[in-house]
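Engineer: Provided herewith is a single structure, encoded as structure tokens, for subsequent inquiry.
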Amino acid sequence: MTEPDVLAATTTSEQDRKSAGQREINLIWENTQMKIALSVIWVALVVAGVLAIMGHWLGSPEVQLAAIVFVFGVANLVTGFYFGRTNHQRSGGIGGDTAGTR
């Protein structure tokens, strides 16, 4: 078995340090986005369930319907932004436009 050839480094140690910092910040931000999106969706599901089951005791049918439409709209908006942000053919960050299709 032969050892694979190792390519020479094309970046400086300062560029490597900057890239590592960017990766760490990107991970923190992605985790924060995930937690916010999941929280909004769970709250939307709970509120929609309560309104669907007990809505006629909490107010008029028109208020019940408006609240359900609003909650589902918020859930769809947050979900759409989250998946739109995390499902790109090419993302920024490390490598930028020179990184190619991922």
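Engineer: Could you compute the FRET efficiency for LEU27 and PHE72, with r as their C-beta to C-beta distance and R0 at 25 Å, rounded to 0.05?
Structural biologist: 0.25
Engineer: Another question, then. Treating the range 8-58 as a set of equal point scatterers at the Cα positions, no solvent, please give the Debye-formula log₁₀ I(q)/I(0) at q = 0.22 Å⁻¹.
Structural biologist: Log10 of I(q)/I(0), two decimals: -0.81.
Engineer: Something else: Need one value: the accessible area of TRP29 in square angstrom, 1.4 angstrom probe, rounded to the nearest 10.
Structural biologist: 130
Engineer: Which sequence of ASP5, ASP16 reflects their accessible areas, 1.4 Å probe, from the largest down?
Structural biologist: Per-residue accessible area, sorted high to low, gives ASP5, ASP16.
Engineer: Let me ask something additional. Provide the per residue accessible area, probe 1.4 Å, for the range 1-82, rounded to a whole number of square angstrom.
Structural biologist: Per residue, the range 1-82 has 83 Å² of solvent-accessible surface.
The values are calculated or read from the model by the stated rules, or taken from the named source; none is laboratory data. This is a predicted model, so every value here is computed, not measured. Every residue, glycine as well, gets a Cβ built from its backbone with ideal geometry; the counts of neighbours run over all protein chains shown. Please note that ligands, DNA and RNA were not included when accessible areas were found on the heavy atoms of the full protein model with its side chains. Shrake-Rupley method; radii C 1.70, N 1.55, O 1.52, S 1.80 Å.
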